[in-house]
Amino acid sequence: MVAPIVSIQQVSKQFSTKQKQEIVLDKVSFDVNKGEIIAILGKSGCGKSTLLNLIGGFEQASKGSILLDGKEIRKPSKRCVMLMQNYALLPWRSVEKNVALALEGEKLTKEEIDEKAAHYLTMVGLLDKRKALPSELSGGMQQRVAIARALAIQPELILMDEPFAALDTFTRYYLQDELIQIQQREQTTIVLVTHDIDEAIYLADRIFIMSANPGRVHKEIAIKGSKPRNRADTDFQHYRELIFNEFQFTTNKQPIEYNI
Amino acid sequence: MVAPIVSIQQVSKQFSTKQKQEIVLDKVSFDVNKGEIIAILGKSGCGKSTLLNLIGGFEQASKGSILLDGKEIRKPSKRCVMLMQNYALLPWRSVEKNVALALEGEKLTKEEIDEKAAHYLTMVGLLDKRKALPSELSGGMQQRVAIARALAIQPELILMDEPFAALDTFTRYYLQDELIQIQQREQTTIVLVTHDIDEAIYLADRIFIMSANPGRVHKEIAIKGSKPRNRADTDFQHYRELIFNEFQFTTNKQPIEYNI
Amino acid sequence: MLIGFGALLIVWQLASILSGHNQALFPPPLLVGEALLEMIRSGSIFTHIQISFLRFFSGYLAAVILAIVLGLIVGQLPAIWRVLDPIVQVLRPVSPIAWSPFIVLWFGIGNMPAIVIIFIAAFFPVLLSTVSAVKKVDAMYLRIAANFEMTHTERMWKIIFPAAFPMIANGLHMAIGSAWIFLVAGEMIGAQSGLGFLIVDARNALSLDIVMACIIIIGILGLLLDQAIRLFEGWVARIWGGQAAIK
Amino acid sequence: MLIGFGALLIVWQLASILSGHNQALFPPPLLVGEALLEMIRSGSIFTHIQISFLRFFSGYLAAVILAIVLGLIVGQLPAIWRVLDPIVQVLRPVSPIAWSPFIVLWFGIGNMPAIVIIFIAAFFPVLLSTVSAVKKVDAMYLRIAANFEMTHTERMWKIIFPAAFPMIANGLHMAIGSAWIFLVAGEMIGAQSGLGFLIVDARNALSLDIVMACIIIIGILGLLLDQAIRLFEGWVARIWGGQAAIK
Amino acid sequence: SGEGEISEGKQTIKIGYLPITHAVPLYMQQDAEYEDYELQLVKFGSWPELMDALNTGKIDGASVLIQLAMNAKEKGVDLKAVALGHRDGNVLVVAPSIANAQALKGQTFAIPNRFSTHHILLYEMLKKEGLAYEDINVVELPPAEMPAALAQGQIAGYVVAEPFGAISVALKKGKVLYQSEDIWPNSIDCGLVLRNQFIQSHGEVAKSFVRDYVAAGELAEHKDAHMQEVVGEFMNVEQNVLDLSLQWISYDDLAIEEEAYAILRNALIEMKLSEDPPAYEDFVDTSLWQ
Ligand SMILES: Nc1ncnc2c1ncn2[C@@H]1O[C@H](COP(=O)(O)OP(=O)(O)OP(=O)(O)O)[C@@H](O)[C@H]1O
Ligand SMILES: Nc1ncnc2c1ncn2[C@@H]1O[C@H](COP(=O)(O)OP(=O)(O)OP(=O)(O)O)[C@@H](O)[C@H]1O
Ligand SMILES: [Mg+2]
Ligand SMILES: [Mg+2]
């Protein structure tokens, strides 16, 4: 096997506020290989977003190190793009200009930028909306623009923090399908944080289940079977049940109410 | 069988805006019996919220009539309480005072009000939070306060518009369980709008699937089996698949993209 | 904070040396400091501050109460607001100073003109923010009121007022600032005391050191008022929590 | 709109009859209308309006440009803002009128005092709203800037300025109102023309009908300015869409 | 920018004024053309603004309450008084219900400015009538608000520059209680004040300016149709008000007499308005009369 694209080694993170010191992540280690989709599942507050921020370079680990292609990540870069739940499009720029945003820093002519933006907008099926403002699009469309923007700079890694959480079931299903297609075509590596067990099973090659207080990788589950998967399949049911039981376990017998 | 508590008879609703006249609901008819949980499923924009608003008396039907206990509904009343996705608690009132809100209009002493509020807060397991402000509670807790507030005036009907949509999977599961328990104890009648197929199957006695443009009741599905139901059950899978296929059908062969 | 004021003092002293103006025309910090100390020692400044505050709060509170009550009512009656709105819009941009001949005619001299001018300066911002706050009350809250069969009065005091309150508080904040600015103008009309009078009087006497000292006092008191209402806003934000219409 | 003004005229006429004041002290609408017509017929009013607008926009635009640029810079440098903030907070509540002896000393008489006073009145609201807008730029946008490896200048003009713009536009709105109010005060200092001069002059001549006519003109022009900037805000809201920080 | 700027070879003299009858000689002077200078009159809305401009040299001189100039001189601003603005012509106006000075006891009385002849006139009047200064409540009020305040009964009377006294009389809201000459003959009120710097650097021009000013005063004293017309250009008041004002005032012999100045100086000290008013020889420049 080739060297992993991302290597997370014994990473801990603690936040100190006035009241207390909180260990949010505790000795988390795992590798991500090129072309893989990794899903991270876990309860609210277990440190999923924090972990993603560390990989993206938006925050620094307290202990341990995170390597991208063998080099330590110290600050955010175009090689590793973060995609957020609330789409994070610039509302004052048209769809096209939003996609162009990351390209403007590169040595490209205006034509090349336009062409590239058009290419990726075609890929997410929104070429005809390229002059529209984000506010004129539905949530699902906005997230597709964000995906096109992320793809346009051809990052080695895309980080997604609950990318489809704000969408309704049907749109979510549709975007999940689309994501798999694009990912297979472009061979992008994706680390995905989600609340939704079905989403994780549907998309991921491997799922990491995190436990909370402090955040640890509680279990790694490899999902077999080719994509796209069938949600009504018995295998799918099997994984669902497996993960659900793991979750019950991570709560350590405390009443479920505790986590609400 | 006794007379239905709610009877919706050939109800149509159209909105006229400057640009166009839009028929949102077209000849919708169904009955709701006492103690039943009815779930309404349908795509975004098919008129689910509009239907709920008509039942609640917040809007008036263009044609047809809606009867509550045999009498036509003309304006909102305490007999039929609406529960919204965003909890709709008054942020400046404590939990207790929020629950008391609807009781203040009745002829009750302060002690009686306090007692009643305490009773329903106990029921949703939040008695110890009664002095807290809504902003100090999690989303799940807030929705439980809203449920307690709705129950406190002992309405004949509770209308719920995607009550758990803003919550994460685990909290959602927990509240669904709690809702079923309370509903069985209090014998409340509930009409529930949701986006979530699983939620509908888990909670409802009957599910109405709506189609869009114009909104119609496309299909009625009675869910058999006692509650609480097992999500990993084969029956559950059967209903899931059934409903999913119905949905594909309601889109009338148009590519799914159309609805996003 | 201290660095800021220190820097300001140095710039001021340098300016007064380099510009070569007569000290009477551009008093250096030391002279102003002396004037300030003298006023504090004699205690005269406190009487002026007290009377200015009295006028200020009379005008401000009267404006606030009237504007909120009126705003709550007309905010719910679009038909009436459509009639009042253009009048308010035309009256608002007129400087209270321009009204002074009529203020003397209607309200006399002494305390009243100052109070009235402060009233005018505070009234419009509070009225407009109350009306727009009432209009922006989330429909969700109104639905609750309807659902629980509230009466009009109940709806106004239990729902609309508290729901609109964060935005009204913001209007109160803006109004306190603009009203305080007009204190000087208000106390120019026949007042024989107060900070505004002091400035006018010192200007007549060409005691620009006293003028500058009064400017500093007015500035600091304005800052304190602002801080006080900010505390109040903080309290509002804490109670009203995530709902605050404007952060 | 028309009903509002109609009602106002009737109330005014009634008040002027019932109060029994001398017409010279409380001119009834008809007299004021005549004065207004006379000024329009002779065309003199247009010269005054023109010069007032010229002064107003010079002061306002200078304030806006300076305040936005300064605000964008110091809003990103908390250390510097901590030094400037207390100074601004103390200067802001001081009436531009109080400064007039110094304004004359530094800027002379004629156009400049009016421009400077309007500048002062507009500068602080725009500066404060820009700084607080910059501070409130959603961290999400700053993350995008970091993620796409933008330079400082790129970040300022591509992200921070447009993200802060709706709130800055709101500051521009507030500032245009408060600056216009100070036009009268500004043109009191040795100006030989303009609407403020006209009011002061008419007041000294006890031609209260002209004073009232000027009040009306100032009110209407203020309303028009407000409408104009509201259109501008509407445009901002349309483009910036749901993101508008304050609605 | 004042300090006698030159335009088209001609010296421009900027003189500040308030639109009152006390500045009439300036109006008359402005009416004519002069060979060696151009007279530019700058109108102000109130005394403080005018003094700000004069003190900072934005104008070369002004027709101003002489006490304000004395105060500035005491504070170190180099000003010179060169001539009077007028003689007499100030009136104490009271409400029609006030029968005599004794009736003012306990009432409110308005003056334009602590440092004004009007204040001294009031002070002297009270002395003459055997009243104490504390017997009445003295307030400072902008002149333009005085007629309204009197009509409303806010004040029982006022003393101020013209035509504000005449307005109340014309409106029948007030009557004349005293003419200034009955209290203090040859009182010094408004005067023509120049910046010494201007006099020093433009001595000859200043001389001809003052000469022309005095001549204009003589011309004004005719109070003929031409004079009325010129005044009308500068002051926008009703004809009957103007007639009344002009009746009370005179513009001949505008020299500042040492004797009258001494009375003024003493009054200022006695009233504690000033500790050390400038001496006659320091402040009054008689050289320009020659
Ligand atoms: N900047 C910060 N300062 C202090 N504590 C923080 C900070 N960011 C996160 N935390 C804490 O770290 C813990 C984990 O937060 P994080 O956002 O990573 O959780 P999460 O798993 O993404 O939760 P969710 O599913 O709700 O998004 C929480 O307890 C949170 O309070
Ligand atoms: N007040 C109104 N005026 C005009 N059109 C309206 C109004 N309310 C709803 N509509 C229209 O009616 C249609 C149905 O709206 P409704 O909110 O009932 O849908 P929904 O099924 O609840 O959708 P969602 O799942 O997104 O909540 C939409 O096309 C909407 O644009
Ligand atoms: Mg998170
Ligand atoms: Mg809905």
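In sequence order, what are the phi-derived ³J(HN,Hα) couplings for region B:205-211 according to the Karplus relation 6.51 cos²θ - 1.76 cosθ + 1.60 with θ = phi - 60°, rounded to whole Hz, with x for glycine and proline?
Each residue of region B:205-211 in turn: 8, 9, 10, 9, 9, 9, 9 Hz.
Let me know the longest stretch in chain E that avoids all GluC sites (Glu not before Pro) found in a DSSP loop with at most 12 other C-beta atoms within 10 Å. Working shown, then result.
Values: sites that count: E:Glu8, E:Glu33, E:Glu35, E:Glu275.
That would be E:36-274.
Would you calculate the volume per residue, in Å³, of the smallest convex hull containing every Cα atom of region B:123-234? Spell out each step's value before the answer.
Details: hull volume 14.9 nm³, N = 112.
So the per-residue Cα hull volume is 133 Å³.
Taking the alpha carbon gyration tensor of region C:22-88, what are the square roots of 5 times its eigenvalues, largest first, to the nearest whole Å?
Values: eigenvalues 420, 56, 10 Å².
Three semi-axes, in Å: 46, 17, 7.
Projected onto the charge dipole of region C:43-246 (+1 at Lys/Arg Cβ, -1 at Asp/Glu Cβ, origin at the Cα centre), which of C:Ser178, C:Val90, C:Ser100 gives the Cα projection farthest towards the positive end?
C:Val90
Which one of C:Val11, C:Ile117, A:Leu25 has its Cα pushed farthest toward the positive end of the charge dipole of the protein assembly as shown, where Lys and Arg give +1 and Asp and Glu give -1 at the Cβ?
Farthest towards the positive pole: A:Leu25.
Sort D:30-36, D:75-81 by the packing proxy (mean of other Cβ within 10 Å over each peptide's residues), most packed first.
Values: D:30-36: 17.6, D:75-81: 14.6.
The densest-packed peptide leads the list: D:30-36, D:75-81.
Considering amide H positions built from the backbone, and no H for Pro or chain starts, which residues 5 or more places from B:Leu25, or on another chain, come under 5 Å of its amide H?
B:Lys13, B:Gly215
Considering every pair of different Cα atoms, what Kirkwood radius, in Å, is found for chain E? Walk me through the numbers before you get to the answer.
Numbers: mean 1/r = 0.0522 Å⁻¹.
Evaluated on chain E, it is 19.1 Å.
With +1 on each Lys and Arg Cβ and -1 on each Asp and Glu Cβ, and nothing else charged, work out how big the dipole of the protein assembly as shown is about its Cα centre, in Debye to the nearest 20. Let's see the in-between values first.
Details: 115 positive and 132 negative charges, 1289 e Å.
Approximately 6200 debye in magnitude.
What list of ³J(HN,Hα) values in whole Hz, one per residue of region C:218-227 in order, does the Karplus curve 6.51 cos²θ - 1.76 cosθ + 1.60 (θ = phi - 60°) give from phi, with Gly and Pro shown as x?
Running phi through 6.51 cos²θ - 1.76 cosθ + 1.60 with θ = phi - 60° gives 4, x, 5, 5, x, 4, 5, 4, 4, 4 Hz.
Nearest 100 Å² is fine: how much accessible area is buried between B and C, summed over both sides, with a 1.4 Å probe?
Chains B and C together bury roughly 1800 Å² of accessible area.
If you plug each phi of region C:2-17 into the Karplus form 6.51 cos²θ - 1.76 cosθ + 1.60 with θ = phi - 60°, what whole-Hz ³J(HN,Hα) values come out, in order, with x for Gly and Pro?
Running phi through 6.51 cos²θ - 1.76 cosθ + 1.60 with θ = phi - 60° gives 5, 4, x, 5, x, 4, 4, 4, 5, 4, 4, 4, 4, 4, 6, 6 Hz.
Normalised radius of gyration for region B:1-138, please: alpha carbon Rg relative to 2.2 N^0.38 Å, two decimal places. Don't jump to the answer; show the numbers that get you there.
Details: Rg = 18.5 Å, N = 138, 2.2 N^0.38 = 14.3 Å.
The value comes to 1.29.
Once amide H atoms are placed 1.01 Å from N in the peptide plane, what residues at a sequence separation of 5 or more from E:Ala255, or on another chain, have their amide H within under 5 Å of its amide H?
E:Leu84
Of all DSSP beta bridges located in chain B, what percent are antiparallel, nearest 5? Kindly include the intermediate steps, with their values, before the conclusion.
Values: 21 of 40 bridges.
Approximately 50 percent, going by the DSSP bridge assignments.
In Å², and per residue, what accessible area does region E:199-290 have when probed at 1.4 Å with the other protein chains present?
Values: 4680 Å² over 92 residues.
Heavy-atom accessible area per residue stands at 51 Å².
With a ≥ b ≥ c taken as the square roots of the eigenvalues of the C-alpha gyration tensor of the protein assembly as shown, please select rounded if a/c is under 1.5 and otherwise prolate if a/b is larger than b/c or oblate if it is not?
Details: a/c = 2.83, a/b = 2.14, b/c = 1.32.
Cα axes put the protein assembly as shown in the prolate bin.
When only Cα pairs under 8 Å and 6 or more residues apart are kept, what is the percent relative contact order across chain C? The partial results should precede the final answer.
Numbers: 266 pairs, mean separation 63.8, N = 247.
It comes to 26 percent, rounded to a whole number.
Label position 7 Å from Cα toward Cβ: report the copy-to-copy distances for A:Gly225 in nm, one decimal, ordered from shortest.
1.9
Counting pairs of alpha carbon atoms under 8 Å apart in space and at least six apart in sequence, what relative contact order in percent does chain B give? Each step should come with its number before you reach the end.
Details: 472 pairs, mean separation 64.6, N = 260.
RCO, chain B: 25 percent.
Among the lysines, which have Cα under 29 Å from the Cα of E:Lys14 when same-chain residues fewer than 8 positions away are ignored?
Hits, sequence-local ones excluded: E:Lys43, E:Lys58, E:Lys73, E:Lys75, E:Lys80, E:Lys207, E:Lys223.
Averaged over C:103-115, how many beta carbons belonging to a partner chain fall within 10 Å of each residue's beta carbon? Please list the in-between numbers first.
On the way: counts 2, 13, 13, 6, 2, 7, 13, 5, 0, 1, 2, 0, 0.
Average per residue, whole number: 5.
Considering chain D as a Gaussian network with a 10 Å cut-off on Cα pairs, which listed residue, D:Ala228, D:Ala114, D:Ala191, attains the greatest mean-square fluctuation?
D:Ala228
Pairs of Cα atoms under 8 Å, at least six residues apart: use those to get the relative contact order of region E:6-77, whole percent. Let's see the in-between values first.
Numbers: 78 pairs, mean separation 28.6, N = 72.
Value for region E:6-77: 40 percent.
Tell me which lysines have Cα within less than 25 Å of B:Lys71's Cα, excluding those fewer than 8 residues away on the same chain?
Within reach: B:Lys13, B:Lys27, B:Lys34, B:Lys48, B:Lys63, B:Lys107.
Sort B:Asp114, D:Asp201, E:Asp282 by accessible area with a 1.4 Å probe, largest first.
Working: B:Asp114 60, D:Asp201 35, E:Asp282 80 Å².
Largest accessible area first, the list is E:Asp282, B:Asp114, D:Asp201.
Output the peptides E:103-113, A:61-71, B:42-52 sorted from most to least packed, where packing is the average of other Cβ atoms within 10 Å over each peptide's residues. Don't jump to the answer; show the numbers that get you there.
Numbers: E:103-113: 19.9, A:61-71: 15.2, B:42-52: 22.0.
Listed from highest to lowest mean packing, they are B:42-52, E:103-113, A:61-71.
Where does each of C:124-133, C:8-17 land if you order them by average Cβ count within 10 Å, highest first? Each step should come with its number before you reach the end.
Values: C:124-133: 23.8, C:8-17: 13.8.
Descending mean neighbour count gives C:124-133, C:8-17.
For chain C, modelled as a Gaussian network with Cα springs under 10 Å, which listed residue fluctuates most, C:Met174, C:Met150, C:Met212?
The residue that fluctuates most here is C:Met150.
In units of 2.2 N^0.38 Å, what is the alpha-carbon radius of gyration of region D:43-246? Let's see the in-between values first.
Details: Rg = 19.3 Å, N = 204, 2.2 N^0.38 = 16.6 Å.
In units of the globular-protein estimate, region D:43-246 measures up at 1.17.
Residue by residue through D:209-218, how many Cβ atoms from other chains fall within 10 Å of the Cβ on average? Spell out each step's value before the answer.
Values: counts 0, 1, 6, 4, 0, 2, 8, 3, 1, 5.
Averaged over the peptide's residues, the number is 3.
Can you tell me what share of the DSSP beta bridges in the protein assembly as shown is antiparallel? A percent to the nearest 5 is fine. If you can, show how the numbers build up before the last one.
Working: 64 of 118 bridges.
If I count the DSSP bridges inside the protein assembly as shown, around 55 percent turn out antiparallel.
Please report the buried accessible area for the interface of D with C, total over both chains, probe 1.4 Å, in Å² to the nearest 100. Kindly include the intermediate steps, with their values, before the conclusion.
Numbers: alone 13880 and 13880 Å², together 23360 Å².
The D and C chains share an interface burying roughly 4400 Å².
Which residue fluctuates the most in chain B, going by a Gaussian network model with Cα springs under 10 Å, if the choices are B:Thr234, B:Thr122, B:Thr17?
Highest fluctuation of the listed residues: B:Thr17.
For B:Lys131, which lysines qualify as cross-link partners when the Cα separation must be under 20 Å and same-chain residues fewer than eight apart are set aside?
Leaving aside lysines fewer than 8 places away in the same chain, those within reach of B:Lys131 are B:Lys97, B:Lys110, B:Lys116, C:Lys158.
Within 10 Å of each Cβ in peptide E:135-142, how many partner chain Cβ atoms are there on average? Round it to a whole number, please. Could you put the intermediate results ahead of the total?
Values: counts 0, 0, 2, 1, 6, 10, 9, 11.
That average works out to 5.
Does chain A classify as rounded, prolate or oblate by the C-alpha gyration tensor (a ≥ b ≥ c root eigenvalues; a/c under 1.5 gives rounded; else a/b over b/c gives prolate, otherwise oblate)?
Details: a/c = 1.72, a/b = 1.38, b/c = 1.25.
Prolate shape, in that a/c is at least 1.5 and a/b is the bigger ratio.
5 Å is the cut-off here: which amide hydrogens, built 1.01 Å from N in the peptide plane, fall below it relative to B:Leu83, excluding neighbours closer than 5 in sequence?
For B:Leu83, whose amide H was placed from the backbone, the distant partners under 5 Å are B:Leu159, B:Met160, B:Asp161.
The values are calculated or read from the model by the stated rules, or taken from the named source; none is laboratory data. Since we're looking at a predicted model, the values are computed, not measured. In this analysis, Cβ positions are derived from the backbone assuming ideal geometry, glycine residues included, and neighbour counts consider all displayed protein chains. What goes into the accessible areas is simple: the full protein's heavy atoms, side chains included, and nothing from ligands, DNA or RNA. Shrake-Rupley method; radii C 1.70, N 1.55, O 1.52, S 1.80 Å.
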